[in-house]
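Heads up, the thing below is written out as structure tokens.
The values are calculated or read from the model by the stated rules, or taken from the named source; none is laboratory data. Because the structure is predicted, anything quoted here is derived from the model rather than measured. No Cβ is skipped: glycine too gets one built from the backbone with ideal geometry, and neighbour counts run over all protein chains shown.
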Amino acid sequence: MLTKVAIIGAGKGGLSLIEILYDDPLVQIVGVADVDKHAPGIRLAKKLKIPVTQNYKKLLQSKKADLVIDVSGNQSVEETLHVAMPPGTAIIGGPSAKFMWQLIEERIKSKERIEQHLLEYQSLYRLYVKEVELAIAEERTRIACDIHDGLVQTLVGLSYRLDYCSDQMEKNRARSIASLHETKKLLKEGISEAREVIFNLRPILIDQSGLSRSLENYLKTYHRQYQIKTTLKTAVNERLIASQTKIFVFRIIQEALANVQKHARAKRVDVKVSIKNETMHVSIIDNGVGFDQEKVKRDQNGQRSFGLQAITERARLLGGQAKITTRLGKGTRVAIQIPIGSSD
């Protein structure tokens, strides 16, 4: 059954009532009255094509309303309503009406907060879509370089050495045997490089090999590839760290090191991971050129800004926080604090 409602008072209370009742399929707002023709509720009612008036008595005379809600706060209006109310029409006014619109206003605010959170998560989702696209491109390039500059060169060298061994087999047996030993050593290096490439293709194995070991292997590859000296200090009980946390921390450190390689012009970077008071502490410190944080924040589309956002958002998703400290010419320090959960 459709309830026809008239609203007297188009201030904050009337505005809230219109916002919540207009979309209710069981309610029809037949009129809104307020002496102030510029009241926010009057403006909204006009926009929604709801009849408006400055004389509330006209609403009563029309006899269209089943229910009159008075949120004007005017004592004389309330008294008039009780005297002039048409038969069969209900009235809500005074403290009851105020309580009702306050509840409605709180509901509207809650809805707005939910919508704001949804917008934040949508922004976060777009950030990660963009991050994944960039990460895939960078990962492909890095792995291609690893294979070409390392593994392929090793295999080519092995091929040449085997040809040399074959040629020397009859000419100089001793030299051929020595060359075979060197070839075997190169083959072991090639196998080790192949394992590193495979490891970098399968970061999910972090949970099996452990965060400390995974970081150790990654920093070794990083040093060899970019000629930036690295140190690693870890003091963690990995059984206390959830699988998701391990992977996220690994990716945070990876992103920070990528920023160092791309922008810092550093010669050294120190990585520390420890647990204290049920909180994981991670720091990545380089001796590079540093940067102007305010300038980077303004450049929302810049690569460095995007990398810093990725670090901050990953830490936030784990319930933690990231703090980035830097000065021009004084290097950069990325400090992460993450509450640890139980291991899977």
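Test Ala242 against the stated conditions and say whether it is free of Cβ contacts under 8 Å to residues at least 60 places away in the same chain, surrounded by fewer than 17 Cβ atoms within 10 Å (Cβ to Cβ) and aliphatic (A, V, I, L, M). Against the criterion (free of Cβ contacts under 8 Å to residues at least 60 places away in the same chain, surrounded by fewer than 17 Cβ atoms within 10 Å (Cβ to Cβ) and aliphatic (A, V, I, L, M)), Ala242 does not qualify. The set of residues in the range 234-273 being of a type in the set (A, V, I, L, M), closer than 30 Å to Gly329 by Cβ, over 17 Å from the mean Cα position of the chain (by Cα) and part of a helix (DSSP H, G or I) consists of Leu257, Ala258, Val260, Ala264.
Specify the residue that is surrounded by the fewest Cβ atoms within 10 Å (Cβ to Cβ); the eligible residues are those in the range 61-78 that are of a type in the set (D, E, K, R) and touching a helix residue (DSSP H, G or I) at 6+ places or on another chain (Cβ under 7 Å).
Selected residue: Glu78.
Pairing residues of the range 163-183 that are at pLDDT 80 or above with residues that are among the aliphatic types (A, V, I, L, M) and not in a helix (DSSP H, G or I), at Cβ distances under 8 Å and at least 6 apart in sequence or on separate chains, gives no pairs at all.
Quick grid of which residues meet (1) touching a Lys or Arg at 6+ places or on another chain (Cβ under 8 Å); (2) closer than 12 Å to Ile7 by Cα; (3) not in a strand (DSSP E or B):
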{"residue": "Val30", "(1), (2), (3)": "yes, yes, no"}
{"residue": "Lys37", "(1), (2), (3)": "no, no, yes"}
{"residue": "Lys46", "(1), (2), (3)": "no, no, yes"}
{"residue": "Leu59", "(1), (2), (3)": "no, yes, yes"}
{"residue": "Val68", "(1), (2), (3)": "no, yes, no"}
{"residue": "Ser72", "(1), (2), (3)": "no, yes, yes"}
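Of all residues in the range 23-44, those satisfying the criterion of being within 43 Å of the chain's Cα centre (by Cα) and either among the basic types (Lys, Arg) or surrounded by 15 or more Cβ atoms within 10 Å (Cβ to Cβ) (or both) are Val27, Gln28, Ile29, Ala39, Pro40, Gly41, Ile42, Arg43, Leu44.
Within the range 290-344, restricting attention to residues that are among the hydroxyl-bearing types (Ser, Thr, Tyr) and surrounded by 13 or more Cβ atoms within 10 Å (Cβ to Cβ), the residue that is modelled with the lowest pLDDT is Ser343.
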